[in-house]
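Visitor: Provided herewith is a single structure, encoded as structure tokens, for subsequent inquiry.
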Amino acid sequence: MQHLTSDILIDYLHHELAPADDARVLAHLESCASCARELNVEATFTDRLRAVARAQELDLPLGFQSAIMARIASEKPGVWQSLGRLWRPVVIVPFAAAVAAGAFFLAPVLAPPSSPSAALPVSYYLQEHDVRAQENPLGDRSAVILSSLNTENDGVPVMQAVNASR
Amino acid sequence: MFSGPRIRLTVGEPRKPPEPPSADQTAFVERAIEQYGKATYNYAYRLVGNEQDARDLTQEAFIRVYRAWRSFQPGTSFLSWVYRIVTNLYRDELRRRKGRFQEEIPEDNAPQEFGGQRPLAVDPIEEYVDRQLSEQLSRSLRKLSTDQRQVIILADIEEYSYQEIADIMGCSIGTVRSRLHRARALLRRLLQQEYERSQSR
């Protein structure tokens, strides 16, 4: 019969074997007094370790917590730490909304006109457009075309009128 | 059915976080110290072996808790989180002091292990009286390397699972398993040497 190694017994003791292996070890221990004895030695060793640890357990030193809290209170947050604290939705969303609203309302007041003509009245453009439209020989409202449309030329009145105007 | 001794799965403090993190960072730390300060201090003490260093280490750990309180995930083990902080701080401090916390036996120079053979089936520590045992065991524990001592503290004294220990120590489960096997074998051998020494006096 092949005995269990210490490594397997230690893993068994710590419940760290796979279920199938655990079952096999258990079955072996039921029939092998030598391995059962060895398991008992390993378990006793652990119990002693734990007992010693318990016996040596220390209470927190006096003033332990207050010393930490005093040190925390004396810590001044750094610049990035302070900025990091601001980076929260509850702070950043209203801030962004205020900046957007300010930009919307103040931009026309603060920004200079993009060109001097921005101040000209609309009627200026309409009159200017009419003048230029009349000067354009190919435009809808060209004086040349309007006069040529009255002539009797089948099919190509515009072109003839243009040629005639040259 | 065989009803041999096995390690209990649930003892000691419940492994749950303090109340869910409130908006008050300071209150969070205060509650954490009240609930887990003692356990953390004792863990640090077992790790470093003296009260002054354990106190400093634990204080520093709770300062880190204060600074990083938002990174704690509610629903996970708070104690594991603090132990991980203590572990990392201790490693940093060891590097800074270059191992001057206490004298340790490096793993490479550790006594040879059993080469597949079992340690003695008759355990000499059973013959010790409690006080004597406590001293011998503490002394032997301090002769282990940091990693070996830590894995024994976490697995055998604190009763963490291999997975939890792997998380705390920042290594794989396989590493935890092999470290624990080696550490226990070495510790039993060291204890046996202590026992034989005391018998020859």
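The values are calculated or read from the model by the stated rules, or taken from the named source; none is laboratory data. Keep in mind that what you see is a predicted model, and the values were worked out from it rather than measured. Using ideal geometry, Cβ is built from the backbone for each residue, glycine included, and neighbour counts are taken over all protein chains shown. Only protein heavy atoms, including side chains, enter the accessible area calculation; ligands, DNA and RNA are left aside. Shrake-Rupley method; radii C 1.70, N 1.55, O 1.52, S 1.80 Å.
Visitor: For region A:6-56, which whole percent of the accessible surface, found with a 1.4 angstrom probe, sits on carbon and sulfur atoms?
Guide: Working: 1080 of 2080 Å².
The value for region A:6-56 is 52 percent carbon and sulfur by accessible area.
Visitor: Next question. Taking beta carbons within 10 Å but only from partner chains, what does the mean come to for residues B:41-47? Could you put the intermediate results ahead of the total?
Guide: Values: counts 6, 7, 0, 1, 4, 4, 0.
That average works out to 3.
Visitor: Further, regarding this structure: Give me, ordered by chain and number, the residues 5 or more places off A:Leu17 or on other chains with an amide H under 5 Å from its own placed amide H.
Guide: The answer is none.
Visitor: Another question, if that's okay. Using a Förster distance of 22 Å, how high is the FRET efficiency between A:Ser34 and B:Gln192, based on the Cβ-Cβ distance and rounded to 0.05? Don't skip to the answer; put the middle values down first.
Guide: Working: r = 20 Å, r/R0 = 0.89.
Approximately 0.65, to the nearest 0.05.
Visitor: Compute the distance in nm between two label points, each set 7 Å from the Cα along the Cα-to-Cβ direction, one at A:Glu128 and one at A:Thr44.
Guide: With each label point 7 Å from Cα toward Cβ, the separation is 10.9 nm.
Visitor: Something else about it: Could you run the numbers on buried accessible area between A and B, total for both chains, 1.4 angstrom probe, in Å² to the nearest 100? Don't skip to the answer; put the middle values down first.
Guide: On the way: alone 14170 and 12530 Å², together 21490 Å².
Approximately 5200 Å² gets buried when A meets B.
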